[in-house]
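Working notes, structure below.
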Amino acid sequence: MKDRYLRNVATLRLLDEKCFGCGRCAEVCPHRVFIVEDKKVRIKDKDGCMECGACAKNCPVNAITVKAGVGCAYAVIMGWLTGSEPSCDCSGGGECC
Amino acid sequence: MNKEKSCCSPVNACYAEVLVTPHNQKDEWVTGEIHTSQGSVPVISTDISFEDTFGAWKVRWGIGRMNYRINPGLYALGQPDHKSPVLVSANYKLTFDALRKELSGLHCWILILDTKGINVWCAAGKGTFGTDELVSRITKTGLSEIVSHKTLVLPQLGAPGVRAHEVTRRTGFSVVYGPIRAHDIKSFLDSGFKATQEMRTVKFTVWDRLVLTPVELVATTKYSLMVFGVFFIINLIAARTFGLADFIAYAGAVVTGTVVTPALLPIIPGRAFAWKGWLLGLLWTAGFIWFNGWFVPEFLLLAIGYLLVLPSLSAFLAMNFTGSSTYTSFSGVIREMKIAVPLIALSSIAGILLVLIKSLSA
């Protein structure tokens with residue numbers, strides 16, 4: 001059974017004109033979001049994106065943008081409480097990514 | 001000059017003194033050392049001892065979890081030479097053990113980054129398994145003098161922290177992303193660095209989910225002790241005291257949120273984790289109230305109170321499991337929480353009030 005999270009929330013964007021189809025994004029994506037066709041990359045499953053940021057980080061021409069962050073409610077709560085960006089700082093004990 | 005000379009004769013005596021990677025002599029998983037131009041490198045075993053298994057069990061239960069680490073640096077497995085592949089990993093001992101136990105019969109180098117004892121994927125998210133650390137670790141170990149090739153094999157889940165092309169620009173080493181699971185490394189190496197789509201896809205099996213639940217349960221138990229303390233104080237003045245049934249109702253809601261919901265995750269209808277937890281929490285609470293015969297006018301206040309507070313508790317705990325899951329996005333979690341957190345808070349406050357009214361007025 002496939003794990004699916006909320007629809008239409010992922011911030012993943014691909015700038016088509018910059019992409020030269022190296023396929024690095026498709027290689028690093030842990031959820032097979034991209035597909036390489038005719039020396040171009042296409043987003044095949046945007047709702048599968050977990051915003052880990054691997055694709056954007058490894059794109060040699062910066063053709064991908066995504067608001068990468070920790071998909072972790074505990075981190076978000078701590079971020080709200082402390083007024084800082086949610087970070088996956090597990091050293092506080094308890095829950096962690 | 002003279003001093004150096006006397007130190008360095010006989011030949012190679014100096015090399016034995018220089019450690020590329022310091023390690024504890026008592027560590028059972030170090031079986032010897034191998035001499036390189038940069039100094040001696042510890043050779044590691046692919047066997048998992050009782051101590052390793054016990055250590056893994058402890059951290060799964062949250063005992064010493066933040067300090068279960070090994071020294072970063074270069075390690076040797078088998079009898080590697082200058083042509084052997086270099087695998088990169090994190091210095092969380094659980095990660096290190098999971099990797100080395102899959103590598104029996106191989107000859108390779110293992111470059112361990114300092115991720116502060118955090119696994120590869122989380123460390124990559126934080127950036128400690130990152131470009132800068134990788135580049136500095138390559139320099140510190142003198143890796144380019146130890147191997148003659150220019151290829152590093154990184155775990156695919158390290159990619160969120162590493163900019164492969166920048167590593168190449170700064171060190172000359174090219175980065176190949178290997179499979180997600182250590183189990184697939186042998187076939188990856190045998191096939192000349194080819195990973196199948198299956199090897200590149202992250203999973204979240206029932207076992208993957210269950211091993212994560214003890215830590216959640218332990219973390220919740222700490223807060224639960226405070227709740228029991230409050231129960232105890234209220235009991236001193238209550239007309240209806242909290243007893244075993246109340247304890248079971250509460251404990252059941254906790255286990256529903258931290259263990260049952262994660263275990264059944266993909267088969268529970270809906271997508272938001274809080275929703276899934278709430279649904280199971282409602283089933284548990286309604287079932288338990290019915291079993292206790294609390295659906296009668298006398299106990300109605302208590303029944304409604306618990307129906308408001310306990311499913312909310314399960315929902316909150318299940319929502320926290322997003323941090324352990326392998327597929328929830330930041331934007332998704334924010335979307336979910338903006339709806340779930342106010343509902344959980346309102347429902348909990350209303351429920352607690354009703355239960356208190358019942359307890360104090362009977």
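The values are calculated or read from the model by the stated rules, or taken from the named source; none is laboratory data. What you are looking at is a predicted structure, and each value in this text was computed from that prediction instead of being measured. Virtual Cβ from ideal backbone geometry, glycine too; neighbours counted across all protein chains shown. Protein only, heavy atoms only, side chains kept; ligands, DNA and RNA dropped before computing areas. Shrake-Rupley method; radii C 1.70, N 1.55, O 1.52, S 1.80 Å.
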Exceeding the 27 Å Cα-Cα cut-off - candidates B:LYS116/B:LYS338; B:LYS26/B:LYS93; A:LYS40/B:LYS194; B:LYS26/B:LYS140: B:LYS116/B:LYS338
Ranking by accessible area, most exposed first, for B:MET226, A:MET50 with a 1.4 Å probe: B:MET226, A:MET50
Computed [θ] at 222 nm, helices only, for chain B once each DSSP H run of length n ≥ 4 contributes -39500 (n - 2.57): -16000 deg cm²/dmol
Average beta-carbon neighbours from other chains, 10 Å sphere, peptide B:65-74: 1
Evaluated at q = 0.05, 0.11, 0.12 Å⁻¹: base-10 log I(q)/I(0), Debye formula over Cα of the protein assembly as shown: -0.24, -0.92, -1.04
Heavy-atom accessible area ranking, 1.4 Å probe, most first, across B:THR151, B:THR53, B:THR21, B:THR205: B:THR53, B:THR205, B:THR151, B:THR21
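Which percent of the accessible heavy-atom area of region B:22-150 goes to carbon and sulfur, probe 1.4 angstrom?
Details: 2880 of 5600 Å².
Percent of accessible area from carbon and sulfur atoms in region B:22-150: 52.
For B:210-222, what's the mean count of beta carbons from other chains sitting within 10 Å of each residue's beta carbon?
Numbers: counts 0, 0, 2, 0, 0, 4, 4, 0, 2, 5, 2, 0, 2.
The per-residue average across the peptide is 2.
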Between B and A, accessible area buried - total, square angstrom, nearest 100, 1.4 angstrom probe: 4400
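Let's test the formula: R0 of 22 Å, r as the Cβ-Cβ distance of B:SER187 and B:LYS150. What FRET efficiency results, to the nearest 0.05?
0.40
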Extension gain from B:ASN24 to B:ALA239, taking 0.36 nm per residue of separation minus the Cα-Cα distance: 71.3 nm
Span-rule helices in chain B, defined as complete DSSP H runs reaching 18 Å or more along the axis (Cα) with Kyte mean at least 0.0: B:213-237, B:273-292, B:300-320, B:330-361
For region B:115-238, with +1 on Lys and Arg beta carbons and -1 on Asp and Glu, the positive-most of B:VAL135, B:GLY161, B:ILE185 along the dipole: B:VAL135
Positive-end extreme of charge dipole, region B:207-361 - chosen from B:GLY257, B:PHE316, B:LEU300 (charges on Cβ): B:PHE316
Area of B:TRP109 that stays accessible when all protein chains are in place (1.4 Å probe, Å², to 10): 10
Accessible surface, 1.4 Å probe, highest first, among residues B:HIS82, B:HIS23: B:HIS82, B:HIS23
Sorted peptide list for B:270-277, B:28-35, criterion being average Cβ within 10 angstrom, highest first: B:270-277, B:28-35
Residue among B:LEU87, B:LEU74, B:ILE268 farthest towards the positive dipole end of chain B, charges placed on Cβ: B:ILE268
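Using the heavy atoms of the protein chains alone and a 1.4 angstrom probe, what is the accessible area of chain B per residue in square angstrom?
On the way: 16910 Å² over 362 residues.
That works out to 47 Å² per residue.
How many Cβ atoms of partner chains, on average, are near each residue of A:53-60 if near means within 10 Å of its Cβ? Display every interim value, and only then the final one.
On the way: counts 6, 11, 2, 2, 12, 9, 3, 5.
Mean number of neighbouring Cβ atoms from other chains: 6.
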Between 0 and 90°, nearest 10: helix A:73-82 axis offset from chain A longest Cα axis: 60
Accessible area (Å², 1.4 Å probe, nearest 10) - A:ARG32: 30
Relative contact order [Cα under 8 Å, 6+ residues apart], region B:2-202, whole percent: 16
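Roughly how big is chain B's charge dipole about its Cα centre, with Cβ charges of +1 (Lys, Arg) and -1 (Asp, Glu), in debye to the nearest 20? Spell out each step's value before the answer.
On the way: 32 positive and 24 negative charges, 144 e Å.
Dipole of chain B, to the nearest 20 debye: 700 debye.
What's the magnitude of the charge dipole for the protein assembly as shown around its Cα centre, counting Lys and Arg as +1 and Asp and Glu as -1 at the beta-carbon? Answer in Debye, nearest 20. Each step should come with its number before you reach the end.
Values: 46 positive and 36 negative charges, 183 e Å.
The calculation lands at about 880 debye.
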